[in-house]
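Trainee: Structure provided below as structure tokens; questions to follow.
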Amino acid sequence: PDHPSTARSLNNLGGLYRTMGRYEDAEPLYQRSLAIYEAQLGPDHPDTARSLNNLAMFLYGLERYAESANCGVKALDIFLAKLGQDHPNTQTVGNNFIAILQKVIETNQTQQLDHHPLTQTILKNLLSNSSE
């Protein structure tokens, strides 16, 4: 049951439930998928990062922007470390993270963010660009 293939299936089922609007059924599947990846592959594995990104985008869709950002930055951090900044997955997750942070700013949820250095750097850049 705690195999990466199970995690992938749980993640896919979570995505299906999300598409169907069954959010209360989707979230525990995303969470369980992430827990399996972290336990079986480690917290810094690209599959763990994909799972974090999927959870981040799910939370974004629920307008839980700060939670979304806290997952998204972990995913971005992993992809940057493992795949580099020029990899398409890293760029996609980076774009997702910027969109999430823009919503965090719009909804005044910045105080709910984890104090991750990457979050603080990007947030500072977004805030300085928005004031120009």
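Trainee: In region 43-52, which residues are touching a helix residue (DSSP H, G or I) at 6+ places or on another chain (Cβ under 7 Å) and either surrounded by fewer than 23 Cβ atoms within 10 Å (Cβ to Cβ) or not polar (S, T, N, Q) (or both)?
Mentor: Here is the first cut: in region 43-52, the residues touching a helix residue (DSSP H, G or I) at 6+ places or on another chain (Cβ under 7 Å) are 44-49, 51-52.
Within region 43-52, Asp44, His45, Pro46, Asp47, Ala49, Leu52 qualify.
Trainee: Would you point out which residue out of Asp44, Asp2 is under 15 Å from the mean Cα position of the chain (by Cα), of a type in the set (D, E, K, R) and not in a helix (DSSP H, G or I)?
Mentor: Asp44
Trainee: Quick one: would you say Gln31 is under 13 Å from the mean Cα position of the chain (by Cα), surrounded by fewer than 21 Cβ atoms within 10 Å (Cβ to Cβ) and part of a helix (DSSP H, G or I)?
Mentor: On the way: under 13 Å from the mean Cα position of the chain (by Cα): yes; surrounded by fewer than 21 Cβ atoms within 10 Å (Cβ to Cβ): yes; part of a helix (DSSP H, G or I): yes.
The answer is yes for Gln31.
Trainee: Met20 passes all but one of (1) loosely packed, with under 15 Cβ neighbours inside 10 Å; (2) among the hydrophobic types (A, V, I, L, M, F, W, C); (3) under 11 Å from the mean Cα position of the chain (by Cα); which number fails?
Mentor: The single condition Met20 does not satisfy is (3).
Where a number appears in this text, it was derived from the coordinates with a stated rule and is not lab data. A quick note: this is a predicted structure, and the numbers were derived from the prediction, not measured. Heads up, the Cβs are rebuilt from the backbone with ideal geometry, glycines too, and the neighbour counts pull from every protein chain shown.
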